[in-house]
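What follows is a single structure, and I will ask about it in a moment.
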Amino acid sequence: MPLYDTSDRLRASKIVCSIAFEHAESAKLLVATGNYTSAVSLVRLQYEALVRAMWLLYAASDDAVSKLMSELCAESAQKANSIPMLTEMLEKLQGKAPSEALEMLREFKEYSWKPLSSFVHGGIHAISRHSKGYPKPLLIQLLKISNGVSAMAGMLLVILSGDARQQGKIPAIQRAFSECLPEPKV
């Protein structure tokens with residue numbers, strides 16, 4: 001899908017959405033091969049990529065965008081290390097990103113961040129599940145969460161396109177495949 005314009009800000013956000021989709025696809029491949037611990041870890045990375053993509057569009061300074069879009073070398077990599085971490089990105093999105101999307105990102109962090117971090121860093125969740133097995137409902141929930149993050153990335157891509165004809169397509173997909181997505185909040 002083409003971008004609304006070719007600015008570094010929009011290009012960077014689209015690239016990071018693509019990374020989020022790559023993480024989602026990889027997580028599903030890992031589940032299919034029985035590599036569950038790695039799959040769970042990738043869902044956290046998928047979420048982080050979505051947050052970064054939204055931050056790049058709505059809240060990143062021009063300097064931060066420039067740092068991330070510069071040619072990769074040791075010096076540019078060092079400069080890019082100074083961009084905000086996830087919590088600060090979420091804070092900077094306040095009042096700038098669509099409130100419903102920001103609320104979903106915050107809710108994900110509140111309920112999923114610590115357990116997912118445990119998987120990433122070899123903590124108790126990873127040790128317990130890897131040694132004792134993964135219940136099928138947990139794996140189904142993981143896939144639904146990943147699909148939900150992908151749906152949000154899709155919505156962001158619609159925004160990046162600026163194409164009014166695309167509006168409503170992601171909600172239609174969500175309705176058609178609701179059984180593959182997290183249960184909506186009541």
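The values are calculated or read from the model by the stated rules, or taken from the named source; none is laboratory data. All values reported here derive from a predicted model rather than from experimental measurement. Note: ideal-geometry Cβ built from the backbone for every residue, glycine included; neighbour counts use all protein chains shown. To get the accessible areas, we keep the full protein, side chains included, count just its heavy atoms, and leave off ligands, DNA and RNA. Shrake-Rupley method; radii C 1.70, N 1.55, O 1.52, S 1.80 Å.
Can you pull the one-decimal nm distance between simple spin-label points at K96 and E183, each 7 Å off the Cα toward Cβ?
Once both label points are built, they end up 3.5 nm from each other.
Now for a different question. Leaving out ligands and nucleic acids, note down the accessible area per residue over the chain with a 1.4 angstrom probe, in whole Å².
In whole numbers, the chain has 59 Å² accessible per residue.
Give me the extension gain from I15 to T33: residue separation times 0.36 nm, minus the current Cα-Cα distance, reported in nm with one decimal.
Full extension of this stretch gives 3.8 nm more.
Now for a different question. Among (1) 19.8; (2) 16.8; (3) 17.4, only one was calculated for this model; which label is it, if the read-out is Kirkwood radius over Cα pairs in Å?
Correct label, based on the coordinates given: (3).
If you don't mind, there's one more thing I want to ask. Could you work out which residue, out of Y58, Y36, Y111, moves most in a Gaussian network model of the chain, that is, has the largest mean-square fluctuation with Cα springs under 10 Å?
Largest GNM mean-square fluctuation: Y111.
Distance cut-off 27 Å, Cα to Cα: go down the list K14/K79; K28/K92; K114/K136 and report the pairs above it.
With Cα atoms farther than 27 Å apart: K28/K92.
In whole Hz, what ³J(HN,Hα) sequence does the stretch 105-119 give by Karplus (6.51, -1.76, 1.60; θ = phi - 60°), x for Gly and Pro?
Each residue's phi maps through the Karplus curve to give 5, 5, 5, 4, 5, 4, 9, 10, 4, 5, x, 5, 4, 4, 5 Hz.
Per-residue HN-Hα couplings for the stretch 36-47, Karplus 6.51 cos²θ - 1.76 cosθ + 1.60 at θ = phi - 60°, whole Hz, x for Gly and Pro?
Rounded to whole hertz, the list is 5, 4, 5, 4, 4, 4, 5, 5, 5, 5, 4, 4.
How large is ³J(HN,Hα), in whole Hz, for each residue of the stretch 9-22 in order, when computed from phi with the Karplus curve 6.51 cos²θ - 1.76 cosθ + 1.60 and θ = phi - 60°, using x for Gly and Pro?
4, 5, 4, 4, 4, 5, 4, 6, 4, 4, 5, 4, 5, 4
For a label point 7 Å from the Cα of I127 along Cα→C-beta, name the residues of the stretch 25-49 whose backbone N is under 20 Å from it.
36-41
Would you calculate, for the chain, the mean residue ellipticity at 222 nm contributed by helices, counting each DSSP H stretch of 4 or more residues as -39,500 (n - 2.57) and dividing by all residues, to the nearest 500?
After summing the helix terms and dividing by residue count, I get -24000 deg cm²/dmol.
State the extension gain, in nm to one decimal, for the chain segment bounded by S112 and A74, taking 0.36 nm per residue of separation less the distance between their alpha-carbons.
Taking S112 through A74 to full extension adds about 10.3 nm, to one decimal.
Counting alpha carbon pairs within less than 8 Å and at least 6 residues apart, what relative contact order, in whole percent, applies to the chain?
Rounded, it is 30 percent for the chain.
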